[in-house]
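Working notes, structure below.
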Amino acid sequence: MGKIDDATLKALKEKALSVRLGIIEALGIDHRGHLGGSMSCADIVTALYFYKMKHSAKSPDDPDRDRFIMSKGHSVLAQYAALAEAGYFGKDVLATTKSLGSVLQGHPERETPGVEANTGSLGQGFSMGVGMAIAGKLDKRDYHVYVIVGDGELAEGQIWEATMASNVYSLDNLTVIVDMNGIQAMGKTRDRYAIQNIPGRFAAFGWKTFEIDGHDLADIVGTLDKATAVKGAPTAVIARTVKGKGVTFAENSHDYHNNLLTPETREKAIASVMAM
Amino acid sequence: MSDKKIEKNPRAAYGLALLEAAKANKNIVALDADLCTSTQSAQIQNNLPEQYIEMGIGEANMVSAAAGLALCGKIPFVHTFAIFVTARPYEQIRQGVCLPKLNVKIVGSSVGLSDFGDGATHQCFEDLALMSVLPNMTVFAPVDATEVPKVVRAALAINGPVYIRLNRNDTPLVTEEATPFEVGKPLVLAEGKDVAICVNGVTADMGLKAREILAKSGKSASVVNFSTIKPLDEKAVRAALGSVRALVTVEEHSVIGGLGAAIARVLSRAPLPTERIGFADRYGQSAHEYEQLLERYGLTPDNIAKAALGLL
């Protein structure tokens, strides 16, 4: 397992490029937005929407669809870009993000086609995923629930309530992906709660864990295939990522956790992403 | 004084009502945070175990998971003590349940002083205020065990968030099977001309007793019950109050943000002189008997009558 053919990989890389350009489009000019965290999970979001998940813009209410929840809701720009790319709404809508009356709000809301839950208050999206996974078990449906959390978000106590509950209910239809970019709003994650050994923490709660390079699409899809094959336990994929990945001047810095692009830096950002 | 009324337990009535509803609708699921005997969600655990989800002592996760269940078509009833199910996961209710208007029912048990022995940490005088301020939330405070099943059915008929508060103890029955329950509309329990005593839950019987005390002083009091705190229909409230000159509101809740506040809000364009009896910006304490606490904090027929006389 874990091997995809070159053509699939090439197509995924193109999708990842489109998602990154979509993030920049959604961010716009002179409006603050969460560039760094959106870029760090862009490859994971791409792999989910364009390789792994069973979903369709034509039947967004299909009860058997896989569910995706961006628990680190501030990184929703990556999801918006993927949803536009997948045809849930026009790519022209991206530029309306956060403008008055837009269907694309600053954090995920269900009014947006393709968005499953209202998230952004950290820790809560994970638990919503737990509820969806329990519902899948109760209804004997074979959909899978994917949740992206941030490593900074792991400081929320609710994360560990959800981790315990998932194991008790043997939610093997739930995969949580930790976007471990190491940087939160005000600085380095290790300078805050210094959450060491994230895989070990999930494993201690009975989860099956995987560690990947969160920007290596072959690694991501291969590991997601392994994770969804696990039976009897929830799975956590700990993804080593780079905050701002692709926009070199924003990489590994909290300066672009929530910041704006000027016409000049926007051009630089696009050129940087194109050169990836 | 009237004869002592028959008393029945609202939470026991709730458990049976939920069981009946859950038998008829397989999408109903009961969630609890390790207090299912107290909340009576144990009726589901014991009789329909496939519709019971034990969430452990993690209220935040319980509420957000309920949102996830509702997003997949389930109708979650979320249970624990009122203070733990409203105040602790408050933001989860706001963000995950009320903002997206999900079909989640929050059921707060052991309201007011009704968990008399456990003391201030387990008593709750804030739930109506906390739940009422949330957009999309409907707030019910059933008056007695007879009314509880009607409230459960009304909650189910609403496709959206509902909060129900329940007393822990046996409380006097003031309604009958045939008594109507209408969302948003007060119920006149007894007619009167001079003053209206506005009540809900355990205070209803106190209001009826206060009315008899007032009658001895030649004053005519009505007793009007408010099992819906939100939404409250102004026309229906004015119709129920009739032409009284003053109001006494009596609640087992803080005087800030509860029944008295809800009535004041709907009457604000043409208010009536009102005395509010309830928890006056303070916490409770332990006691061996519920009645000791009700008396200690002024929730008595005598106190209500005195307040009414002061207004007339």
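The values are calculated or read from the model by the stated rules, or taken from the named source; none is laboratory data. Predicted, not measured: the structure shown is a model, and the values here were computed from it. Cβ atoms come from the backbone with ideal geometry, glycine included; neighbour counts cover every protein chain shown. Protein only, heavy atoms only, side chains kept; ligands, DNA and RNA dropped before computing areas. Shrake-Rupley method; radii C 1.70, N 1.55, O 1.52, S 1.80 Å.
Before moving on, here are some points about what is shown:
- Test: residue B:59 is over 19 Å from residue B:255 (Cα atoms), crowded, with 20+ Cβ neighbours inside 10 Å, in contact with a Ser or Thr (Cβ under 9 Å, 6 or more places away or on another chain) and within 13 Å of chain A (Cβ to nearest Cβ): yes
- Among residues of segment B:97-112, those that are farther than 19 Å from residue B:14 by Cα and either touching a Gly at 6+ places or on another chain (Cβ under 8 Å) or acidic (Asp, Glu) (or both), counted: 2
- Reported count of residues in segment B:210-228, each being surrounded by fewer than 21 Cβ atoms within 10 Å (Cβ to Cβ) and either assigned to a strand (DSSP E or B) or not small (Gly, Ala, Ser) (or both), is 4.
- Of all residues making up segment A:110-122, the number that are more than 7 Å from every other protein chain (Cβ to nearest Cβ) and within 15 Å of the chain's Cα centre (by Cα): 5
- Any hit, segment A:188-208, residues being more than 22 Å from residue A:18 (Cβ to Cβ), free of Cβ contacts under 8 Å to residues at least 60 places away in the same chain, among the small types (Gly, Ala, Ser) and surrounded by 15 or more Cβ atoms within 10 Å (Cβ to Cβ): yes
- With respect to (1) open to solvent by 60 Å² or more (accessible area, probe 1.4 Å); (2) assigned to a helix (DSSP H, G or I); (3) of a type outside the set (Asp, Glu), the lone exception for residue A:31 is condition (2).
- If only residues of segment B:103-134 that are within 14 Å of chain A (Cβ to nearest Cβ) and surrounded by fewer than 24 Cβ atoms within 10 Å (Cβ to Cβ) are counted, the one that is nearest to residue A:107 (Cα to Cα) is B:134.
- Subset of segment A:115-141 [touching a residue at least 60 places away in the same chain (Cβ under 8 Å), closer than 23 Å to residue A:88 by Cα and part of a loop (DSSP other than H, G, I, E, B)]: none
- Pairs linking a residue in segment B:229-247 that is over 21 Å from residue B:257 (Cβ atoms) and open to solvent by 70 Å² or more (accessible area, probe 1.4 Å) to a residue that is part of a loop (DSSP other than H, G, I, E, B) and among the hydrophobic types (A, V, I, L, M, F, W, C), with Cβ atoms under 9 Å and 6 or more positions apart or on different chains, are B:238/B:267; B:238/B:270; B:245/B:272; B:245/B:312.
- Scan of segment B:1-37 for residues that are surrounded by fewer than 16 Cβ atoms within 10 Å (Cβ to Cβ), within 19 Å of residue B:112 (Cα to Cα) and either in contact with a helix residue (DSSP H, G or I) (Cβ under 8 Å, 6 or more places away or on another chain) or not small (Gly, Ala, Ser) (or both), ordered by number: B:7, B:8, B:37
- In segment A:224-236, the residues that are open to solvent by 10 Å² or more (accessible area, probe 1.4 Å) and more than 16 Å from residue A:162 (Cα to Cα): A:225, A:226, A:228, A:229, A:230, A:231, A:232
- With a requirement of 1 or more residues that are on the phi > 0 side of the Ramachandran plot and basic (Lys, Arg), none of the strands (runs of 3 or more DSSP E) lying completely within segment B:68-165 satisfies it.
- Within segment A:203-222, the set of residues being assigned to a helix (DSSP H, G or I) and more than 23 Å from residue A:51 (Cβ to Cβ) comprises A:203, A:204.
- Pairs where the first residue, in segment B:26-37, is assigned by TED's automatic domain parsing to the domain that holds residue B:82 and the second is open to solvent by 60 Å² or more (accessible area, probe 1.4 Å), C-beta under 7 Å, 6+ apart: B:33/B:57; B:34/B:57; B:36/B:45
- For residue A:54, the requirement of being open to solvent by 50 Å² or more (accessible area, probe 1.4 Å) and touching a residue at least 60 places away in the same chain (Cβ under 8 Å) is met.
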